[in-house]
1. What does the convex hull of the Cα atoms come to per residue for the stretch 134-211, in Å³?
2. Under a Cβ-only charge scheme (Lys and Arg +1, Asp and Glu -1), can you give me the dipole magnitude of the chain about the Cα centre, in debye to the nearest 20?
3. Hey, any idea what % of the stretch 101-175's accessible area is carbon plus sulfur with a 1.4 Å probe?
4. With Cβ to Cβ distances under 14 Å as the rule, what net charge do the other residues near HIS174 carry (K, R +1; D, E -1)?
5. Cut-off 14 Å, label point 7 angstrom out along Cα-to-Cβ of GLN158: give me the residues of the stretch 113-132 whose amide nitrogen falls inside.
6. So what does log10 I(q)/I(0) come out to for the stretch 48-127 at q = 0.13, 0.18, 0.20 Å⁻¹, using the Debye formula with one equal point on every Cα and no solvent?
7. Return the inverse of the average 1/r over all pairs of distinct C-alpha atoms in the chain, which is the Kirkwood hydrodynamic radius, in Å to one decimal.
8. Using a Cα-Cα cut-off of under 13 Å, which aspartates and glutamates could be cross-linked to LYS161, ignoring same-chain neighbours fewer than 8 residues away?
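The values are calculated or read from the model by the stated rules, or taken from the named source; none is laboratory data. Please read these numbers as outputs of a predicted model, since none were measured by experiment. Every residue, glycine among them, receives a Cβ derived from its backbone with ideal geometry; neighbour counts consider all protein chains shown. With ligands, DNA and RNA removed, areas are computed over all heavy atoms of the protein, side chains included. Shrake-Rupley method; radii C 1.70, N 1.55, O 1.52, S 1.80 Å.
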Amino acid sequence: MSTCEQDNQRNPLLDDLAMAEKLSKINQIIVVLSGKGGVGKSTVAVNLALSLALRGHKTGLMDVDIHGPSVPKLLNLTDKWPEVKGEDIIPVEYQSDLLKVMSMGFLLQGTEQAVIWRGPLKYGMIKDFIGRVQWGDLDYLVVDCPPGTGDEPLSVAQFLKGKAKAVIVTTPQHVATIDVEKCITFCKQLELPMVGVIENMSGFVCPQCGTTVNIFSKGGGETLAVQYGIPFLGSIPLDPDIAQSGDEERP
């Protein structure tokens, strides 16, 4: 019997029970969201997950950006494959057992391969990432979502409702906060609690003179947080070292 035939014959009730069993072992789930692409959301998600892991917390990182998965590249894991045991998927480990990672990027033949899927296939993949991956006992699971409020963030919010909280990432300029504002209302409509807003690329500090230049304007993230009554978690400067570390796969 083919894998597709097996998937078609799977019992939805058993899938739901498997998902509930996996989620019962995870203490906190942080979903990293943004209504805008290019704001550094994956970089924030990866470094947030690693920061938690380096503080001694058992941490997992789930990348549900199906069309543009960046997590394997950022973690230097592009040549890794998850192991499959029966119905379960064994997540890829970063630096031995420091961080458990699952991404669509592990399932592609190369970084140039496109995923051309409609909503139901995305829904099924995300359900498998939650219900079939052996996350084990975790203090934190960080979920990196693609930009916007489409199929992937909607599926994550529905599957993890009552368990997850969102971190919203924006850049300072108004053209970004307009889109990120939609992400905040998305969370409110789906009753997904928000931890707060992070403003990325917030000012460039000249390495020669120390002057801060607000290339992408200033304060948009904090203004958004105040407007909607949610915490402002802080700002991340536009730092060449951060961009270089991502390109060199050294988070």
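1. On the way: hull volume 11.0 nm³, N = 78.
Spelled out: Cα convex hull of the stretch 134-211, divided by residues, is 141 Å³.
2. Computed about the Cα centre, the dipole is about 540 debye.
3. Carbon and sulfur atoms account for 51 percent of the accessible area of the stretch 101-175.
4. -1
5. 119-128
6. The calculated log intensity ratios at q = 0.13, 0.18, 0.20 Å⁻¹ are -0.42, -0.78, -0.94.
7. 18.8 Å
8. Partners found: GLU191.
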